[in-house]
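Data first, discussion second: the structure below is written as structure tokens.
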Amino acid sequence: MYSINPTKTKAWKALLEHRKDIEKIHLRDWMKDDNRFSTMHVKIKSVLLFDFSKHRINEKTVKLLEDLFNECKVQSSLEDQLSGGKINVTEDRSVLHSVLRDPDIEPLIIEGQDVREISKIESQRMYEFAEKVRNGSIHGYTGKKFKNIVNIGIGGSDLGPKMAVNALKPYSKKGLKFYFVSNIDGSDLNECLLQVDPQETLFIVASKTFTTQETMTNAEVAKKWMIQNMGDVDSIKKHFIAISTNHENVSKFGIKKENIFRFWDWVGGRYSIWSTIGMALCISIGSDNFKKFLNGANLVDKHTREKPFKENIPQIMAALGIWYRNFLNATTYAVLPYDQNLDRFPAYLQQADMESNGKSMDRDGNHVNYSTGPIIWGEPGTNGQHAFYQLIHQGTELIPTDFIASIFIKHPYKDNHEKLLSNFLAQTKALALGRKNADSPFRKFEGNQPSSSLIFNKMNPFSLGALISLYEHKIFYQGVIWNIFSYDQWGVELGKEMAKTILPEIQGAGIDETHDPSTKGLLNHIRDLSNRADNN
């Protein structure tokens, strides 16, 4: 990948001048053009319509953003990623999660291994295991079928599977319940264990290194709980599986070899739902549907690799984000799914986006002199309409939004869905146009709040795969423009290192006098209260 400071490009400078020409133009004026929708939407087959006509842009804006992508060599960077180049430079790794959903039979050799072949072998192992859990041929220690699947992980080992299982509830096998435990706060695991029968519970311990403090602490508690209830340490071999790169640590934990599923260091945690980290999803929807999930993502992979900028949905999404973040000074971006089953999608994107592009050093190790990743947030509609939409409509912040909806549904309540879609359309219109004439200044709406609409035919496994892939590529493209490394996450390390030092002090060891006064004071307060006999 090239290292290009975007502010030095001709396109960046032209966009700064262009902003002066159009920043005062209201979306009401743009919408007077009857051809605006026809020139500012893209379809992907019978899967998705992407509308970007309600944005504060014109054709010149689009052309200049395309020029920026060309000057920053975005397409070349995509090819570097897909061909296995070690674009995760600070960790000396390739970034090949797209291989996991690629049916291409051509070998792709990375460090002496055909990554396509080994990923297909491991996926097949996952499919076979998932189907045996679903049909009961793999069962618990006492012979009972598994009814409860508990995924223990954190970050990408939790957010992706949890989001996807929730999103595809209508496709889940009846009689199975899924639980996701991530927080080291003991109440998270406790609430789960109170609800499940150990004889009918399968634990998936998902950790790349099998050393993650939160995951391994919870896994050890679950292990003791299982042994206490079953009365036999060998029950672990029936009730626990692991997804990890560290087979030595997994074996020490007590999980048998055939219940260890691999993924690789060229699959980043927040991009790992396509791998065996997706085991819970595969058990939920079945292997055939999981393959459709992969196929939907692969469709977008091909779309973004082959289509020119003006027909390339992830590139347009990324470019719009650059426009608002760097030229119109928007600090946040809201993702608003009008689909209750997508309630965890904004949280999933928070990690995918902010852990990727929350960087302030460019690829040469210099502090950037421009803004990078925005704050990502959101909740499902229509719930959000009765909460934070007030701020978007009449607050002082510019907040670009993505609205996501589907036309066909998997429940029988047509009237509910029609009302949901009417709210979806009304909100994008109201945000764009506002209301000038009102009998009170408090009832006026400035409007001019931009939004994209992503309308799927239906939200099924194929569509969900496509949706996630759209955002993955968007995040990558923005990282290329910002000249940062999107695939490392060193920012999560410092607090974890400090926690290891502080833990013994909470447990009674001597306090390090070099702590800052605030930390020392809080630590003493915690120790004083913890040592009291009456802690109820």
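The values are calculated or read from the model by the stated rules, or taken from the named source; none is laboratory data. Because the structure is a prediction, the values reported are computed rather than measured. Every residue, glycine as well, gets a Cβ built from its backbone with ideal geometry; the counts of neighbours run over all protein chains shown. SASA here: full protein model, heavy atoms, side chains in, ligands and nucleic acids out. Shrake-Rupley method; radii C 1.70, N 1.55, O 1.52, S 1.80 Å.
Considering the options Ile138, Ile105, Val89, tell which one lies farthest towards the positive end of the dipole of the stretch 87-145, charges being +1 on Lys and Arg and -1 on Asp and Glu at the Cβ, about the Cα centre.
Towards the positive end, the residue furthest out is Ile138.
How big is the charge dipole of the stretch 203-311 about its Cα centre, in debye rounded to the nearest 20, if each Lys and Arg gets +1 on its Cβ and each Asp and Glu gets -1 on its Cβ?
That gives a dipole near 200 debye.
Looking at Ser518, Gln351, Gly286, which one has the Cα that reaches farthest to the positive end of the dipole of the chain (charges on Cβ: Lys, Arg +1; Asp, Glu -1)?
Checking the options against the dipole of the chain, the answer is Gly286.
Give the ranking of Leu193, Leu529 by solvent-accessible surface, highest area first, calculated with a 1.4 Å probe.
From most accessible down to least: Leu529, Leu193.
If the viscosity is 1.306 mPa s and the temperature 10 °C, what translational diffusion coefficient in µm²/s does Stokes-Einstein give for the stretch 383-447 when Rh comes from Kirkwood over Cα pairs?
Answer, rounded: 118 µm²/s.
Let me have the relative contact order for the chain, percent, based on Cα pairs under 8 Å that are six or more residues apart.
Relative contact order of the chain: 19 percent.
When 1/r is averaged over all different Cα pairs and the result inverted, which Kirkwood radius in Å belongs to the stretch 96-200?
After inverting the pairwise mean of 1/r, the radius is 16.2 Å.
Cα to Cα, under 19 Å, and not fewer than 8 places away if on the same chain: which aspartates and glutamates meet these conditions relative to Lys359?
Glu91, Asp92, Glu472, Asp488, Glu493
To test your reading of the geometry: what angle, between 0 and 90 degrees and rounded to tens, separates the Cα axis of helix 156-167 from the longest principal axis of the chain?
Relative to the chain, helix 156-167 is tipped by roughly 70 degrees.
So what is Rg over Rh here for the stretch 416-527, counting just Cα atoms and using Kirkwood for Rh?
Taking Rh as the inverse mean 1/r over Cα pairs, Rg/Rh reads 1.24.
What does the convex hull of the Cα atoms of the stretch 74-136 come to per residue, in Å³, rounded to a whole number?
Expressed per residue, the convex hull around the Cα atoms of the stretch 74-136 is 111 Å³.
Keeping every protein chain present and rolling a 1.4 Å probe, give me the accessible area per residue for the chain in Å².
For the chain, the solvent-accessible area averages 46 Å² per residue.
Just for the chain, what percent of DSSP beta bridges are antiparallel, to the closest 5?
30
What Kirkwood radius, in Å to one decimal, follows from the Cα pairs of the stretch 169-253?
After inverting the mean inverse Cα-Cα distance, the result is 13.7 Å.
So which trypsin sites (Lys or Arg not before Pro) in the stretch 1-37 are both in a DSSP loop and have at most 16 other Cβ atoms within 10 Å of their Cβ?
Lys24, Lys32
Only Cα pairs under 8 Å and at least 6 apart count here; give the relative contact order of the stretch 2-140 as a rounded whole percent.
Dividing the mean separation by the residue count of the stretch 2-140 yields 16 percent.
Would you kindly compute the Cα radius of gyration of the stretch 276-412 and its largest Cα-Cα separation (Dmax), both in Å?
Both quantities, over Cα of the stretch 276-412: 17.6, 56 Å.
Can you tell me the FRET efficiency between Leu49 and Asp288 if r is taken as the Cβ-Cβ distance and R0 is 22 Å, rounded to the nearest 0.05?
Rounded to the nearest 0.05, the efficiency is 0.25.
What do the square roots of 5 times the Cα gyration tensor eigenvalues come to for the stretch 231-329, in whole Å, largest first, as semi-axes of the equivalent ellipsoid?
Working from the Cα gyration tensor, I get semi-axes of 40, 17, 11 Å.
So if R0 is 41 Å, what FRET efficiency would Gln113 and Lys63 give, r being the distance between their Cβ atoms, rounded to the nearest 0.05?
Here the calculated transfer efficiency is 0.45.
Once you place label points 7 Å from the Cα toward the Cβ at Glu128 and Lys458, how far apart are they in nm?
The answer from the label model is 3.2 nm.
Could you tell me what percent of the accessible area of the chain is made up of carbon and sulfur, with a 1.4 Å probe and every protein chain present?
Answer for the chain is 50 percent, counting heavy atoms of protein chains only.
Helix 517-530 against the longest principal axis of the chain: what's the angle in degrees, Cα atoms only, rounded to the nearest 10?
40
Along Cα→Cβ, 7 Å out, is where each label goes; now give me the distance between the ones at Asn524 and Asp234 in nm to one decimal.
Here the modelled spin labels are 5.6 nm apart.
From zero outward in steps of 20 Å, how is the percent of C-alpha pairs of the chain spread across the bins?
Calculated P(r), rounded to whole percents: 20, 51, 27, 2.
So, counting K/R as plus one and D/E as minus one, what does the shell of residues with Cβ under 13 Å around Ala167 add up to?
Around Ala167, the charge tally is +3.
When Lys and Arg each count +1 and Asp and Glu each count -1, what net charge do the other residues less than 11 Å away from Pro374, Cβ to Cβ, add up to?
Around Pro374, the charge tally is 0.
What is the stretch 138-278's relative contact order, in percent, from Cα pairs under 8 angstrom and six or more apart in sequence?
30
How much length would be gained if the chain were fully extended between Glu23 and Lys120, taking 0.36 nm per residue of separation minus their Cα-Cα distance, in nm to one decimal?
So the extension gain works out to 29.9 nm.
As an exercise, identify the chymotrypsin sites (Phe, Trp or Tyr not before Pro) in the stretch 19-59 lying in DSSP coil whose Cβ has no more than 15 other Cβ atoms within 10 Å.
For chymotrypsin sites (Phe, Trp or Tyr not before Pro) across the stretch 19-59 that sit outside H, G, I, E and B with at most 15 neighbouring Cβ atoms in 10 Å, the list is empty.
Quick one: of Lys32/Lys73; Lys63/Lys474; Lys208/Lys496, which pairs are farther than 27 Å apart, Cα to Cα?
Where the Cα-Cα span goes over 27 Å, the pairs concerned are Lys32/Lys73.
Suppose only helical runs count, i.e. DSSP H with n ≥ 4. What mean residue ellipticity at 222 nm does that imply for the chain under -39500 (n - 2.57) per run, divided by all residues and rounded to the nearest 500 deg cm²/dmol?
Calculated from helices alone, the mean residue ellipticity at 222 nm is -13000 deg cm²/dmol.
Taking 0.36 nm per residue of sequence separation and subtracting the Cα-Cα distance, how much length would be gained by fully extending the chain between Ile511 and Phe408, in nm to one decimal?
31.1 nm
May I ask for the Rg/Rh ratio of the stretch 152-295, computed from Cα atoms with Rh as the Kirkwood radius, given to two decimals?
My calculation of the ratio gives 0.94.
If you take the Cα Rg of the stretch 1-129 and divide it by 2.2 N^0.38 Å, with N the number of residues, what do you get?
1.50
Let me know the Kirkwood hydrodynamic radius for the stretch 112-160, please, with Cα pairs as the basis and the value in Å to one decimal.
Answer for the stretch 112-160: a Kirkwood hydrodynamic radius of 13.1 Å.
In the stretch 375-439, what chymotrypsin sites (Phe, Trp or Tyr not before Pro) fall in a loop by DSSP, with at most 10 other Cβ atoms inside 10 Å?
Loop-located and lightly packed - Tyr413.
5 Å is the cut-off here: which amide hydrogens, built 1.01 Å from N in the peptide plane, fall below it relative to Val205, excluding neighbours closer than 5 in sequence?
Ile152, Ile241, Ala242, Ile243
Taking the Cβ of Glu71 as the center, what net charge do the other residues with Cβ under 15 Å away carry, scoring Lys and Arg +1 and Asp and Glu -1?
Within the 15 Å Cβ shell, the charges total +3.
Using just the C-alpha positions of the stretch 433-487 as equal point scatterers, what log10 of I(q)/I(0) does the Debye formula give at each q in 0.27, 0.32 1/Å?
These q points yield log10 I(q)/I(0) values of -1.02, -1.14.
Compute the acute angle (0 to 90°) between the alpha-carbon long axis of helix 461-481 and the principal axis of greatest extent of the alpha-carbon atoms of the chain; round to the nearest 10°.
70
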